[in-house]
1. What size of dipole, in debye to the nearest 20, comes out for the chain about its Cα centre when the only charges are +1 on Lys and Arg C-beta atoms and -1 on Asp and Glu C-beta atoms?
2. Once you keep just the Cα pairs under 8 angstrom separated by 6 or more residues, what percentage relative contact order results for the chain?
3. With angles folded into 0 to 90 degrees, how steeply does helix 478-490 sit against the dominant principal axis of the chain? Use alpha carbons for both and round to 10.
4. Amide H neighbours of Tyr110 under 5 Å, at least 5 residues apart or on other chains, H built in the peptide plane: list them.
5. Enumerate the amide H contacts of Ser174 below 5 Å, restricted to partners 5 or more residues apart or on another chain; note that Pro and chain-start residues carry no placed amide H.
6. Return the FRET efficiency for the residue pair Asp309, Ile68: r is the Cβ-Cβ distance, R0 is 45 Å, and the value is rounded to the nearest 0.05.
7. What fraction of the DSSP beta bridges in the chain is antiparallel, stated in percent and rounded to the nearest 5?
8. Which ³J(HN,Hα) values in Hz, rounded to whole numbers, follow from the phi angles of segment 345-350 under the Karplus curve 6.51 cos²θ - 1.76 cosθ + 1.60, where θ = phi - 60° and Gly and Pro get x?
Amino acid sequence: MVTRKKPSSGKPLKILFVASEVEGLVKTGGLADVAKSLTAALNDLGHEVRIVMPFYQRIAGREQAKLIVDTELYVDTQPVPVEYQVKELEGDVPVYAVDAPQYFGRAELYAENNQAYADNGERFAFFSAAALDLCEKVGFQPDIVHCNDWHTGLVPFLLRTRYADDVFFADTKSVITIHNAVFKGTFNYDQYSLIPELIQRRYINAEMDSAHISMLKAGVAYADKINAVSPNYASELLTQLGSHGMAADFQNRASDLYGIVNGCEYADWNPETDSFIKQNFKASKVSLVRGKKACKRDLQQQVGLPVEDVPLYGMVCRLTEQKGIHYLIPILEEFLVNEAQVVIVGTGDPKLATALREISEVHKEKFAFVEAYSNPLAHCVEAGADFFMMPSEFEPCGLNQMYSHAYGTLPIVRAVGGLKDTVIDYDQTPQVATGFIFEAPTPEALLIKLQRSLLLYCQKPQEFRRLQQNAMACKFDWKESAQQYVSMYRGEEKGLVASVTYPELVV
């Protein structure tokens, strides 16, 4: 049974959250975390929330799904020769899973063997249409349809075209959240046969060129509100570089562009209760020192590094240039000349993995590379490392810097996206600092900041401990983020730039 609290102000909103993945059911990235945590926070605020997603083969608990609709999807009164079933999955927030085996009955979500499915445009065009079609069939009349990234970009377009005169959606507004604008969902017109509105006439504001439609551009053009997952990323979307070529699209909608920082799921990332780490600890100095020491020793043993009391730098990420691996590799051996250790955990680009593997073979006593995805090991890195590296080329929000704060592990980040919003640089504001920030997208700038952090650890241990406690005092609460989303839904502010609040810090 779903329970909701009474909203603190205003009538409860009915919110349909449309996402291609949801943590706890199926996940490939941070979008899934947001889909789970934001909807739960909105539900806790008293709003009526439903999630709709594809019914992939990989969905956890798939066999327990309950069939609630068996129907056909109609387009312009003609039945599309595909059927889908809507199944309700158990949880705090009901999830409608669109079951169309010809589109979603596959081994993976988007790609296999690093090759995207050739019909991804058609697959997610169908999903966008089905998401709205099912609302009437299950009797859920949303005030807000909250879309996420390119996979759902045609939903706002359909609300403005196919459903423009439909009384069921007369009061429905749409929002699209940009988690990563580098992925635009660009496909040839041939993939949009399920969306005749797109092929009956040209929509220039959704086109990449005369032959291709971008689902993300369509979403940005037709949604009532647009938001990015941090204030700084919202401002970056107004630039050609930060928007990956869509600056004009976002500039045209600047008054409707919001920036709201993601929250952190502290139920999963809490050193006081984390079952994956060697010793639980809290922010008090004695507990912090003892817990971090035990966790560092355990991490060193797990990855095959000597158990030594030296500064330990961690990194857990996909091996892509977005994450800044190409800034780290050229200077890694130079940094390893120092008395320090580095642990990197991740999978991805084979060339980057090969380069890291070769360095680890030469520097086995100081550098461990674990080519794997391991959630338990990720927790151990956050708990056992002294510093966490995120030299990202771009980072819409980022979560690991939040996890690092929670575990007293000082993040070393580049001043992009949400990293700039959520980390306070020691060299700029030492009294309230929670980590280190560098600006230039170069290996040299990263090396300077790594060496700077090393000096702090070795020469000012008490100052280092103070920064750890500062970091642990930071809280990025999903309730606060959810309240800001509600303000956006209600249109209470224009171009909302949500602030990050820092509780009382150790100074």
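1. 1180 debye
2. Computed value for the chain: 12 percent relative contact order.
3. 30 degrees
4. Result for Tyr110 returns nothing.
5. Hits under the 5 Å cutoff: Val145, Asp224, Lys225.
6. FRET efficiency, Asp309 to Ile68: 0.15.
7. 30 percent
8. Along segment 345-350, the couplings run 10, x, 9, x, 4, x Hz.
The values are calculated or read from the model by the stated rules, or taken from the named source; none is laboratory data. All values reported here derive from a predicted model rather than from experimental measurement. Note that we place each Cβ from the backbone using ideal geometry, even for glycine, and neighbour counts take in every protein chain shown. We work out accessible area using only protein heavy atoms, side chains counted, and drop any ligands, DNA or RNA first. Shrake-Rupley method; radii C 1.70, N 1.55, O 1.52, S 1.80 Å.
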